[in-house]
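The values are calculated or read from the model by the stated rules, or taken from the named source; none is laboratory data. Note that the structure is predicted; figures quoted are calculated from it, not measured. Methodologically, a virtual Cβ is constructed for each residue, glycine included, from the backbone with ideal geometry; neighbour enumeration extends over all protein chains shown.
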Amino acid sequence: MNEVILDDQDRSIINALQGGFPVCDRPYLEAASRLGISEDELISRIETLLKSGVLSRFGPLVNAERMGGGLTLAALSVAEDDFERVAELVNAHPEIAHNYEREHEYNMWFVIATETKQEISTIINAIEAETGLSVLNVPKMEEFFIGLKLEV
Amino acid sequence: MKADVSNIDALDRAIIAATQGGLPLKLRPYDAVGDVVGLSGNEVQARILVMLDSGVMRRIGVVPNHYKLGFNANGMTVWDINDEHISELGQKVGALEFVSHCYHRPRHIPHWPYNMFAMVHGKTREEVKSHAKEISAILGNNVNASDIIYSKRILKKTGLRIAAQ
């Protein structure tokens with residue numbers, strides 16, 4: 001993936017908006033005035049950053065578990081020559097939120113997010129049946145920090 | 001301590017569904033959401049504030065794509081730590097500025113001996129390795145085993161999807 005070159009203004013927008021965004025009638029105006037730019041400029045910069053893929057999202061980030069949903073991290077150990085087939089089968093489930101190829105014996109790592117907690121095992125069973133592989137399921141037991149603090 | 005599950009109603013869910021693709025890039029974005037779900041902008045704002053407070057929404061903000069920003073090395077560092085110290089040590093590791101997520105997760109012996117995950121982002125693998133050393137220094141002799149599992153390719157990244165009803 002190609003690195004996108006950002007200017008200082010883009011950087012300060014990304015750094016500032018990782019922490020939060022105002023909830024008021026004209027939130028872009030409020031956020032822009034803190035950044036010393038105009039409301040229109042902030043909106044158009046966010047739009048450009050989304051289009052170029054520098055930002056994968058801008059908006060409310062939901063905690064699925066607080067909505068009663070299920071969430072887990074899971075992994076598979078997939079033979080190299082079977083990898084693409086298994087990736088397709090796993091990705092075909094809309095409940096798979098992210099999936100990464102990683103360099104390890106467990107070489108496919110994915111997040112499963114479901115509407116209810118019980119559905120997690122349904123999806124895991126389905127993936128095991130479809131792929132013939134055994135899923136490593138490592139749901140979080142405790143969260144030590146979740147916050148984005150990437151300085152760009 | 002916040003309750004494990006918060007009560008949200010159909011309108012809250014509608015707001016979540018309407019903003020899953022992102023907050024509208026319009027001068028009055030909450031009014032625009034209100035138009036979709038049948039509420040005023042002020043009602044949308046009030047409900048969002050409640051959801052932020054209860055933790056249903058973590059925050060409103062941007063999610064950067066590390067790769068596009070030149071953070072090409074993404075190392076999931078995994079650790080086998082003595083259980084009695086994991087909470088205390090996890091807090092310290094989670095607080096490091098180069099750690100984006102840190103969790104206690106179950107071991108699956110014999111396949112999987114690790115019980116703590118800390119995601120580390122760096123421009124290069126050397127940078128990730130040196131961060132892992134800093135983590136290791138914090139954990140001291142409570143570590144029984146560790147590994148760095150680098151990402152190679154994103155196979156899917158859609159984020160969470162919540163149905164509107």
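Residues checked against (1) among the β-branched types (V, I, T); (2) over 21 Å from A:L42 (Cβ atoms); (3) outside the structural domain of B:Y114 (by TED's automatic domain parsing); (4) crowded, with 20+ Cβ neighbours inside 10 Å:
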| residue | (1), (2), (3), (4) |
| --- | --- |
| B:T19 | yes, no, yes, yes |
| B:S40 | no, yes, yes, no |
| B:M76 | no, yes, no, yes |
| B:S87 | no, yes, no, no |
| B:V99 | yes, yes, no, yes |
| B:Y103 | no, yes, no, yes |
(request) With the condition kept exactly as written, say whether any residue in the stretch A:120-129 is within 7 Å of chain B (Cβ to nearest Cβ) and buried (at least 16 other Cβ atoms within 10 Å of the Cβ). (result) no
(request) Taking the options A:A92, A:A79, A:A74, A:A32, name whichever one is touching a residue at least 24 places away in the same chain (Cβ under 8 Å), more than 9 Å from chain B (Cβ to nearest Cβ) and among the small types (G, A, S). (result) A:A74
(message) I need the full set of residues from the stretch B:30-72 which are at pLDDT below 90 and in contact with a Phe, Trp or Tyr (Cβ under 8 Å, 6 or more places away or on another chain), in order please.
(response) B:V63
(request) May I ask you to say which residue of A:E142, A:E128 is under 20 Å from the mean Cα position of the chain (by Cα) and among the acidic types (D, E)? (result) A:E142
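Please count how many residues of the stretch A:9-23 are at the interface with chain B (Cβ under 7 Å from one of its Cβ atoms) and either over 24 Å from B:Y67 (Cβ atoms) or assigned to a loop (DSSP other than H, G, I, E, B) (or both). Reasoning before the result, please.
At the first step, the residues of the stretch A:9-23 found to be at the interface with chain B (Cβ under 7 Å from one of its Cβ atoms) are A:14, A:17-21, A:23.
With the extra rule that they be either over 24 Å from B:Y67 (Cβ atoms) or assigned to a loop (DSSP other than H, G, I, E, B) (or both), the set shrinks to A:20-21, A:23.
Selection size over the stretch A:9-23: 3.
Report those strands (runs of 3 or more DSSP E) wholly inside the stretch A:36-152 carrying at least 1 residues which are within 24 Å of B:S54 (Cα to Cα) and of a type in the set (S, T, N, Q). Walk me through how you get there before you give the answer.
Numbers: elements: A:55-62, A:70-76, A:96-102, A:108-114, A:142-146.
Where strands (runs of 3 or more DSSP E) fall fully within the stretch A:36-152 and carry at least 1 residues being within 24 Å of B:S54 (Cα to Cα) and of a type in the set (S, T, N, Q), they are A:70-76, A:108-114.
Please find, among B:H121, B:H131, B:H104, B:H108, the residue that is on the phi < 0 side of the Ramachandran plot and away from chain A (no Cβ under 11 Å).
Details: B:H121 fails: away from chain A (no Cβ under 11 Å); B:H104 fails: away from chain A (no Cβ under 11 Å); B:H108 fails: away from chain A (no Cβ under 11 Å).
Criteria check complete, one pass: B:H131.
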(request) Could you list all residues from the stretch A:29-55 that are surrounded by 20 or more Cβ atoms within 10 Å (Cβ to Cβ) and hydroxyl-bearing (S, T, Y)? (result) none
